[in-house]
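Quick notes on the structure that follows.
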Amino acid sequence: MAFHTGHFLPAVTVGVIFSLLAYSADAVTCFDCSSGKEMCNTGQCEGEYCTKFKTVSNQHGGTIWARGCATSTVQSPITAGCQKTKDPNWSQDACYCKGTDYCNASPPTKKTATEYIILLSAAVLAVFMSQSA
């Protein structure tokens, strides 16, 4: 039985690409910073979710923006989305996102799953075209 690398290589390439996508779907890279300005896009962290908090002090009138990473646990489950919390002294918008690196940017990033599927399809097509040539 002969071993033909021409048929084996595309299958391995597709397998590697899907493995990388599955790995990257579990962890996202996020901005990790805290500032009095909305545009704090400096440090980095990696986690299950990216976070973005806007806390406003009703007593002092100041606003703090904080970005970072979080992991959902049984004791502290996280779902993607935003929620507002108010208190007589402060208010906070807490947002959690996943699936796209730097989704806690300001302004938010706009990459969608459709864009990644199109890029992946183009890469797979290019591999198969190069093998058949």
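Among the residues of the stretch 30-66, those identified as touching a residue at least 60 places away in the same chain (Cβ under 8 Å) and over 16 Å from the mean Cα position of the chain (by Cα) are E38, M39, C40. If you take the residues of the stretch 33-51 that are charged (D, E, K, R) and at pLDDT below 95, which of them is farthest from C97 (Cα to Cα)? Among residues in the stretch 33-51 that are charged (D, E, K, R) and at pLDDT below 95, the one farthest from C97 (Cα to Cα) is K37.
How many residues does the stretch 36-81 contain that are in a strand (DSSP E or B) and surrounded by fewer than 12 Cβ atoms within 10 Å (Cβ to Cβ)? Count: 1. The set of residues in the stretch 84-104 being crowded, with 19+ Cβ neighbours inside 10 Å and either assigned to a loop (DSSP other than H, G, I, E, B) or aliphatic (A, V, I, L, M) (or both) consists of K98, T100, C103, N104.
The values are calculated or read from the model by the stated rules, or taken from the named source; none is laboratory data. Since we're looking at a predicted model, the values are computed, not measured. We place every Cβ from the backbone using ideal geometry, glycine too, and count neighbours over all the protein chains shown.
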